[in-house]
1. Being more than 18 Å from the chain's Cα centre (by Cα) and part of a strand (DSSP E or B) is the filter here, so list the residues in region 128-148 that pass it.
2. Those residues that are within 12 Å of the chain's Cα centre (by Cα), surrounded by fewer than 18 Cβ atoms within 10 Å (Cβ to Cβ) and among the polar types (S, T, N, Q), I need them from region 16-35; list them, please.
3. It is to be established whether one or more residues within region 111-125 are modelled with pLDDT of 95 or more and of a type in the set (Ser, Thr, Tyr).
4. With the condition kept exactly as written, say whether any residue in region 83-90 is over 14 Å from the mean Cα position of the chain (by Cα), modelled with pLDDT under 95 and more than 22 Å from THR54 (Cβ to Cβ).
5. Can you pull out the residues in region 72-130 that are open to solvent by 50 Å² or more (accessible area, probe 1.4 Å) and either among the hydroxyl-bearing types (Ser, Thr, Tyr) or at positive phi (or both)?
6. Kindly indicate whether VAL73 is at pLDDT below 95, closer than 30 Å to VAL153 by Cα and in a helix (DSSP H, G or I).
7. Can we say ARG169 is loosely packed, with under 15 Cβ neighbours inside 10 Å, at pLDDT 95 or above and among the charged types (D, E, K, R)?
8. Of the conditions (1) touching a helix residue (DSSP H, G or I) at 6+ places or on another chain (Cβ under 9 Å); (2) surrounded by fewer than 17 Cβ atoms within 10 Å (Cβ to Cβ); (3) at pLDDT below 95, TRP67 clears all except one; give me its number.
Amino acid sequence: MTDTRGASALRWLWLSLGVVVLDLVSKYLADTQLIYANPVPLLPVFDLTLLYNTGAAFSFLATAGGWQRWLFVAIAVGMSAFLLHWMWRTPKAQKCLGIGLALVLGGALGNLYDRTVHGHVVDFISLHWNGYYFPAFNIADCAITLGTCLLLVDMFFLGGNETSDTGTRE
């Protein structure tokens with residue numbers, strides 16, 4: 001269902017681009033300024049620690065021998081195309097859905113770049129508490145997580161029934 005005026009959630013593509021730029025710049029800085037696996041404490045629960053992830057979330061398939069790189073590239077390309085199509089089909093009035101899709105797309109493209117160019121994803125944000133460490137992550141992962149939360153909010157609480165700029169239901 002597209003908006004009758006032809007406007008869609010593609011208007012949020014600037015947000016996807018912003019995520020990609022912020023992600024790639026932050027990964028470049030981490031890769032050039034940090035020493036691999038050497039934590040730089042910033043807060044008692046937060047370090048900057050450069051790590052490379054050849055797997056997916058939580059290092060899934062990280063030791064699979066290299067073929068997983070191209071599997072994850074193919075998945076990311078397919079999902080990016082799917083997300084673009086979904087954005088195109090989403091009316092612009094559905095802001096929560098559009099922003100969520102744009103964030104997920106930007107994060108997917110940021111990690112896709114790493115995987116394609118470097119063969120691994122650059123992670124550098126490390127959170128921990130009392131000796132327990134959450135897996136390292138990056139800005140793209142944050143965008144994917146936030147975007148997914150917005151998709152869930154839209155699905156469970158808004159049901160695609162946000163009001164338009166004119167205050168009417170679409």
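1. If the condition is that a residue be more than 18 Å from the chain's Cα centre (by Cα) and part of a strand (DSSP E or B), then HIS128, TRP129, TYR132, TYR133 are the ones that fit.
2. Those that are within 12 Å of the chain's Cα centre (by Cα), surrounded by fewer than 18 Cβ atoms within 10 Å (Cβ to Cβ) and among the polar types (S, T, N, Q): none in region 16-35.
3. Scanning region 111-125, I find at least one residue that is modelled with pLDDT of 95 or more and of a type in the set (Ser, Thr, Tyr), so the answer is yes.
4. Checked against the condition, which is being over 14 Å from the mean Cα position of the chain (by Cα), modelled with pLDDT under 95 and more than 22 Å from THR54 (Cβ to Cβ), region 83-90 yields no hits at all.
5. TYR113, THR116, ASN130
6. Numbers: at pLDDT below 95: yes; closer than 30 Å to VAL153 by Cα: yes; in a helix (DSSP H, G or I): yes.
So VAL73 fits the description; yes.
7. No.
8. (1)
The values are calculated or read from the model by the stated rules, or taken from the named source; none is laboratory data. All values derive from a computational prediction rather than experimental measurement. We place every Cβ from the backbone using ideal geometry, glycine too, and count neighbours over all the protein chains shown. Areas reflect the complete protein model, heavy atoms only, side chains present, ligands, DNA and RNA absent. Shrake-Rupley method; radii C 1.70, N 1.55, O 1.52, S 1.80 Å.
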